[in-house]
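A short write-up of the structure that comes next.
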Amino acid sequence: MNTDNDFNIINEDEQQVNLREILFKYLHHWKWFIVSLIIFLALGFIYIKITTPLYQIETDLLIKEDKNNATAGGDDILKSLDLFSSDKVIDNEIQILKSYTLMEKIVTTLGLQVSYYSNGRARKIPLYENLPFRVTLLKPTGKSYSDYLKIELLNNKEAEVDGKTFLLNQPFQSKLGLVIITTNKIEPKYINTEIDVFFNNFFNFFDEYSKNLTITPVSKDGTVLIITYKDAIPKRGEDILNRLVLEYNNAAVEDKNKVTSSTLAFIEERLKKLADELGTAEKNVESYKSDNRIMDISAQSQVFMQTVQQNDADLGKVNIQLSVLKNLESYVYGSKDKQGELPSMFGIDDPTLLNLVSQLGEAQLKKESMLQTIPETNPIVHSITDQVNSLKTAIIQSIKNLKSGLLATQQQLTNKNDKFESVIKEVPSKERGLLDVMRQQDIKNTLFNFLLQKREEQEMSLASNLADSRTIDVARSTPLPVKPVKPIILLIFFSLGLIVPVIIIYLREVLNNKITKRSDIEKLTKVPILAEIAHSEDSIPLIVVEKPRSMIAEQIRALRTNLQFISAEQEHKILLFTSGTSGEGKSFVSLNIGASLAMSGKKVVILEFDLRKPKLHLALQMENDKGLSNYLITNYNYKEVIKEIPQQANYYIITSGPIPPNPAELLTNGRIESLIKDLQKDFDFVIIDAPPVGLVTDAQILGQYVNATMFIVRHNYTFKNQILLVDELYKNKKFKNLNIVFNSIDYSSGSYGYGYGYGYGYGYSGGYYQEDKTRKRSFFGKKK
């Protein structure tokens, strides 16, 4: 149980350290963030200045629910067809409000084919009201909708257009086509003021209009539509929305009036025929009475005549209804997908059929309106087509039911007429003849009066038709622009100012193929890391002697302590220092660890075995006339080439000597083994400064004589693939007790982590060190 708790505590500590490292890594580059924030906030202000502000205009429209609802006996049929649910109605109305046809009427009425702009400091400012002139494009060309006309009024009669002078109120040829400038009341402020004119391509204008127009129901089950429009000029936006609602209502009234107008035309045509027939019948009555000298018929005959007239009138109405049903049946069967005016429903009083025909007309009109803006393959169009087909099926069935009833009524009335005919035959011949002609007159007169009454009813209906919508609130604009919203824009650019440096720093870290922190080494190899040594700008070769209280001196002493645990059974240790490539600080580390061991009372000798590019004697400013190369090719005793390092007691060096042409061959002549044995007798520690193992094989040759090997890895200098080389050497056991010393760690660079915050260490180039005190850091922390 305690073990689990300890494990959890360790994980929490590691997580806290990781978060702290990440935070420090980014905070180290705080200057980057400041510069980035300044740049992006400046861009945000520029964006606000050059962006045209948009105001939101809103109007609320109520769609009356009862306009599509069936009544009376048709409710069940309509509901069963599921054709007129509220959702479908609202969706259809939204599509109509967004239609191309309505927008075309708005553009034409408000004169939006042309846009006018004045030139501001950062952007063009749109104009709408109180313009000094209007420009009309009389004859467009291919360039008419691609550029501006720059117009400057010179006086009340002339204007300068793109540098040329033209007369006002007269057509002239411009670079965009044949145009005319029509003046209004010209105010003095517009004289010598340039106004840019742009002719709008209606298709592009409609696309832009559609993007700025939003129509949403106030709720799922409600029929109130909230219509919003974004425009740079509030007044223009209000005019567009008010005009949109007006044109929408006018279109709805026109749709209603189409059926009424069709009925009126049918009645007028019938009245003309009946007027002629009635005149003929009246003349026949007059002639018959005159020829036969009959003043009047008997009272019995007159009563009988009234009965016959009523029967004839009923039969005439039934015949009219059958004629209307026949026309409707022909329309339904023959129209298919063709759109046209519905036939008149004059005389039909069946509520189910009337509602079905009304819905058919409205569905076809909506489909026709939608096809102007969306293709026929659109699912919405398919839905309306399905409604139309279902309505036609229901209408056909209703016609059959109504027709069968009318035919039965017609047969009954005809049978009555036959009985009346047999009765009339029993009347005296002259009176019977009068009855015949009067009967014809009364039939025509009754139908004529009936049609006159219906015509008046239709005309009243035509005059009283209203749209099935009501404006709840007229268009109104927001007092402040909704785009661009300054706080949001600045917040976005502020966020970008923070995000961009984070991305850059992250990408630098991801794409960096050099060792930047201890975990990079631990991920690539299992070779133990024996010590970490910080970076410094000091150029002192024996920094542990010159600055014993410095941080590097402390870290060297920590490395000295750790060396005691390596080959602890050996009294006289031989240590090899190498690296993957030149410049990683192996000479500095080996020189200072030797000095630190000597300071602890040990007798130490360091061998400058980098025979190709020796650096130790240069750093210590010592002679190199005789050294290891002389010892290897002669019978010298090591005492003839060894020198004492003056800066530190008990510390000796055998320099490289003159650079030989064949260093690798010298190392294999057998003299090294005798040298190491002789030195072990007189010294506690023998330190070998070997060449880089990644470049030459010298270090591997020397490795067979040592007790432990120190591989130097330099912070932000050693490549990660070189650690793979160390891991391979470790696995193949080519070096005894292989360890890593992480060297020249710049804790202030931000790439290592949160670190200690000290500035000690050293700097070097070409494998050892150089004077760095004059090197200053730039604003971003890079050395100049």
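The values are calculated or read from the model by the stated rules, or taken from the named source; none is laboratory data. Being a predicted model, the structure only gives us computed values, none of them experimental. A quick note on method: Cβ atoms are made from the backbone with ideal geometry, for glycine too, and the neighbour counts reach across all protein chains shown. The accessibility values were calculated without ligands, DNA or RNA, using every heavy atom of the protein model including side chains. Shrake-Rupley method; radii C 1.70, N 1.55, O 1.52, S 1.80 Å.
The rows are residues; the columns are (1) under 18 Å from I215 (Cβ atoms); (2) in contact with a Pro (Cβ under 9 Å, 6 or more places away or on another chain); (3) crowded, with 16+ Cβ neighbours inside 10 Å; (4) at pLDDT below 90.
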site	(1), (2), (3), (4)
Y26	no, yes, yes, yes
H29	no, yes, yes, yes
E58	yes, no, yes, no
S85	no, no, no, yes
K98	yes, no, yes, yes
R121	no, no, no, yes
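Would you be able to say whether some residue in segment 151-173 is of a type in the set (S, T, N, Q) and open to solvent by less than 40 Å² (accessible area, probe 1.4 Å)?
So the first thing to find is which residues in segment 151-173 are of a type in the set (S, T, N, Q), and the list is 155-156, 165, 169-170, 173.
From what's left, open to solvent by less than 40 Å² (accessible area, probe 1.4 Å): none.
Taking every residue of segment 151-173 in turn, none turns out to be of a type in the set (S, T, N, Q) and open to solvent by less than 40 Å² (accessible area, probe 1.4 Å).
Tell me, yes or no, whether segment 205-220 has at least one residue that is modelled with pLDDT under 80 and within 41 Å of the chain's Cα centre (by Cα).
Step one: filter segment 205-220 for residues modelled with pLDDT under 80, giving 220.
From what is left, the residues that are within 41 Å of the chain's Cα centre (by Cα) are 220.
Yes: one or more hits.
Regarding L354, is this residue open to solvent by 20 Å² or more (accessible area, probe 1.4 Å) and among the hydrophobic types (A, V, I, L, M, F, W, C)? Criteria met by L354.
From the list G316, G279, which one is open to solvent by less than 30 Å² (accessible area, probe 1.4 Å), under 30 Å from E459 (Cβ atoms) and at pLDDT 75 or above?
On the way: G279 fails: at pLDDT 75 or above.
Testing whether each residue is open to solvent by less than 30 Å² (accessible area, probe 1.4 Å), under 30 Å from E459 (Cβ atoms) and at pLDDT 75 or above leaves just G316.
Could you tell me whether segment 644-653 includes any residue that is over 26 Å from R560 (Cα atoms), loosely packed, with under 14 Cβ neighbours inside 10 Å and at pLDDT 85 or above?
Going through segment 644-653, the residues over 26 Å from R560 (Cα atoms) turn out to be none.
No, segment 644-653 contains no residue that is over 26 Å from R560 (Cα atoms), loosely packed, with under 14 Cβ neighbours inside 10 Å and at pLDDT 85 or above.
Cβ-Cβ distances below 6 Å connect the following pairs, each with a first residue in segment 28-56 that is closer than 25 Å to R476 by Cα, a second residue that is of a type in the set (S, T, Y) and open to solvent by less than 90 Å² (accessible area, probe 1.4 Å), and a separation of six or more residues or different chains: Y55/S477; Y55/T478; Q56/T228; Q56/T478. Within segment 578-605, the residues that satisfy the criterion of being touching an Asp or Glu at 6+ places or on another chain (Cβ under 7 Å), crowded, with 20+ Cβ neighbours inside 10 Å and closer than 19 Å to I642 by Cα are S587, S590, V604.
If you scan segment 659-680, which residues turn out to be in contact (Cβ under 8 Å) with a residue 12 or more places away in the chain and surrounded by fewer than 15 Cβ atoms within 10 Å (Cβ to Cβ)? Passing the criteria: I659, A664, T668, N669, E673, D678. Count of segment 681-697 residues, restricted to those that are of a type in the set (D, E, K, R) and buried (at least 23 other Cβ atoms within 10 Å of the Cβ), is 1.
In segment 133-145, of all residues being under 19 Å from V107 (Cα atoms) and polar (S, T, N, Q), the one that is surrounded by the most Cβ atoms within 10 Å (Cβ to Cβ) corresponds to S144. Residue check: T183 meets all listed conditions (1) hydroxyl-bearing (S, T, Y); (2) under 28 Å from N249 (Cβ atoms); (3) surrounded by 15 or more Cβ atoms within 10 Å (Cβ to Cβ) but one, namely (2).
Can you name the residue in segment 551-580 that is outside any loop (DSSP other than H, G, I, E, B) and free of Cβ contacts under 8 Å to residues at least 12 places away in the same chain and is also nearest to V696 (Cα to Cα) among such residues? Write out each step before concluding.
Here is the first cut: in segment 551-580, the ones outside any loop (DSSP other than H, G, I, E, B) are 551-563, 573-579.
Next, from what is left, pick out any that are free of Cβ contacts under 8 Å to residues at least 12 places away in the same chain: 554, 561.
Details: E554: 32, T561: 30 Å.
It comes out as T561.
Among the strands (runs of 3 or more DSSP E) confined to segment 99-216, the ones with at least 1 residues that are among the small types (G, A, S) are located at 114-119, 158-161, 172-174, 177-183.
Of the candidates N169, N192, N204, N212, the single residue that is farther than 30 Å from D473 by Cα and touching a residue at least 24 places away in the same chain (Cβ under 8 Å) is N192. Among the residues of segment 319-329, those that are surrounded by fewer than 18 Cβ atoms within 10 Å (Cβ to Cβ) and either among the small types (G, A, S) or under 13 Å from L407 (Cβ atoms) (or both) comprise N319, L322, S323, K326.
The rows are residues; the columns are (1) in a loop (DSSP other than H, G, I, E, B); (2) out of contact with any helix residue (DSSP H, G or I) (no Cβ under 9 Å at 6 or more places or on another chain); (3) modelled with pLDDT of 85 or more.
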position	(1), (2), (3)
V686	no, no, yes
G694	yes, no, no
Y705	yes, no, yes
Y717	yes, yes, yes
N743	no, no, yes
Y760	yes, no, no
G766	yes, yes, no
Q770	yes, yes, no
K773	yes, yes, no
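Take F346 and decide whether it is touching a Phe, Trp or Tyr at 6+ places or on another chain (Cβ under 9 Å), assigned to a helix (DSSP H, G or I) and at pLDDT below 80.
Values: touching a Phe, Trp or Tyr at 6+ places or on another chain (Cβ under 9 Å): yes; assigned to a helix (DSSP H, G or I): no; at pLDDT below 80: yes.
No: the conditions fail for F346.
Residues checked against (1) open to solvent by less than 40 Å² (accessible area, probe 1.4 Å); (2) more than 26 Å from H29 (Cα to Cα):
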{"residue": "P484", "(1), (2)": "yes, yes"}
{"residue": "I489", "(1), (2)": "yes, no"}
{"residue": "I492", "(1), (2)": "no, no"}
{"residue": "G497", "(1), (2)": "yes, no"}
{"residue": "V500", "(1), (2)": "no, no"}
{"residue": "I505", "(1), (2)": "yes, no"}
{"residue": "E509", "(1), (2)": "no, no"}
{"residue": "K523", "(1), (2)": "no, no"}
{"residue": "K526", "(1), (2)": "no, yes"}
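The selection criterion, being open to solvent by 60 Å² or more (accessible area, probe 1.4 Å), at pLDDT 75 or above and in a helix (DSSP H, G or I), does not hold for Q440. Residue check: is I395 under 17 Å from D349 (Cα atoms) and crowded, with 17+ Cβ neighbours inside 10 Å? Here the answer is yes, as I395 does meet what is asked.
Do we find a residue being surrounded by 14 or more Cβ atoms within 10 Å (Cβ to Cβ), of a type outside the set (D, E), modelled with pLDDT under 85 and in a helix (DSSP H, G or I) anywhere in segment 538-550? There is no residue in segment 538-550 that is surrounded by 14 or more Cβ atoms within 10 Å (Cβ to Cβ), of a type outside the set (D, E), modelled with pLDDT under 85 and in a helix (DSSP H, G or I). Being open to solvent by less than 70 Å² (accessible area, probe 1.4 Å) and within 22 Å of Q95 (Cα to Cα) is not true of Y190.
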